[in-house]
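The values are calculated or read from the model by the stated rules, or taken from the named source; none is laboratory data. It should be emphasised that the depicted structure is a prediction, and the values quoted were computed from it without experimental measurement. No Cβ is skipped: glycine too gets one built from the backbone with ideal geometry, and neighbour counts run over all protein chains shown.
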Amino acid sequence: MSSNEPLTKRRREEDAAPDDVTRSSEYFFDDGNIILQVESTQFRLHKTVLAMHSTVFRDMFTVPLPADEPLVDNCAVVVLSGDSPEDWNHLLSAMYPIRSTHEKQTVEFVCALLRLSTKYDIPEFRRQWLARLHEELPTTLAEYDSGAGWKYIVVAGDNSHCVLASLIDLAREIGIHSILPLTLYSLVWDDVLVAPATGTNKLNLSDQAAYLRGQLRLLRLSSTTTMRWLEPEEPLVPCATCSSESRPDCSRVVEDFRKRCTSEISAGVFASWTELAVDGLCDACEEAARTVYEEGRVECWKQLPSIFDLPDWEELKRLDLD
């Protein structure tokens, strides 16, 4: 078990008074043969189901109970330290599914499964959701370009910053380091700094500082990479092969785009060229600008971890779940 917090067999009287204990309304089965207590909530479950999924519980159930072990409803009680009933509700909904597991899930569900499957060594859930999370937040630009939005996690427009902040917190907690650069970048692109008032979905002070530094660094980096074709000091557009007839129009397009190139656009260094909607350039000037922009995207991706004071991509992948 990866957590330093031990499993504690059998609730002691001082842990929770009987009146304070609540039976789960969903996961307290009459034919269950083990009771797990999380804070003041009890779940009556099946040893075989827990052992089938978790090596930690499988090993624990091989140890015989003491002859004088107190029982509740003929079941031993195992108190789980450091967990929340909400996380266990999510985990048990995966262990005892009543609906399709292919549906999009909330970020709370995803975080609970990865947190508990890491702590209690539940390899199948951990493998499945790590793969999905890496698909949502890839480590290569090619994978990022081939993505089509959130595929496995429910993200509404008004809660995207909370989802991203929760994933950053999870990545720090269980060591999924390689998703941090793109998650922090996405939060910058979302243009919402998660303040302490948002409770569990807040960024810690270190990540808030990384967010702010990253935002400024992205603006500076974009001016020398993706948006270098807009710089008036060394104009790349109009290009050398732009015709005399097209030159005034191309100059006007560049000037107009420069004026509407807000900080938000500049921060979005991984938008596709098509998404920029640069209309009106001649073919030669568009090719020149697009080439600079695409080369800049590659350079920005390479530098993305360092923008947020993180190791490079390869080191982050090596550190994952160490």
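The rows are residues; the columns are (1) within 20 Å of the chain's Cα centre (by Cα); (2) surrounded by fewer than 20 Cβ atoms within 10 Å (Cβ to Cβ); (3) of a type in the set (V, I, T).
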| position | (1), (2), (3) |
| --- | --- |
| D68 | no, yes, no |
| C75 | no, yes, no |
| V78 | no, no, yes |
| W88 | yes, no, no |
| L116 | yes, no, no |
| I122 | yes, no, yes |
| L137 | yes, no, no |
| D145 | yes, yes, no |
| L164 | yes, no, no |
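Contact map, segment 137-150: residues that are more than 16 Å from P181 (Cβ to Cβ) paired with residues that are at pLDDT 95 or above, Cβ distance under 8 Å, separation 6+ or inter-chain. Pairs shown: W150/E136. Applying the criterion of being β-branched (V, I, T) and not in a helix (DSSP H, G or I) to the residues of segment 90-114, the residue that is surrounded by the most Cβ atoms within 10 Å (Cβ to Cβ) is T106.
The combined condition, being free of Cβ contacts under 8 Å to residues at least 12 places away in the same chain, exposed (fewer than 15 other Cβ atoms within 10 Å of the Cβ) and polar (S, T, N, Q), is fulfilled by T62. Counting only residues that are within 29 Å of the chain's Cα centre (by Cα) and touching a residue at least 12 places away in the same chain (Cβ under 8 Å), segment 25-52 holds 10 of them. Scanning segment 222-260 for residues that are under 22 Å from F270 (Cα atoms), not polar (S, T, N, Q) and not in a loop (DSSP other than H, G, I, E, B) turns up R228, W229, L230, V253, V254, E255, D256, F257, R258, K259, R260.
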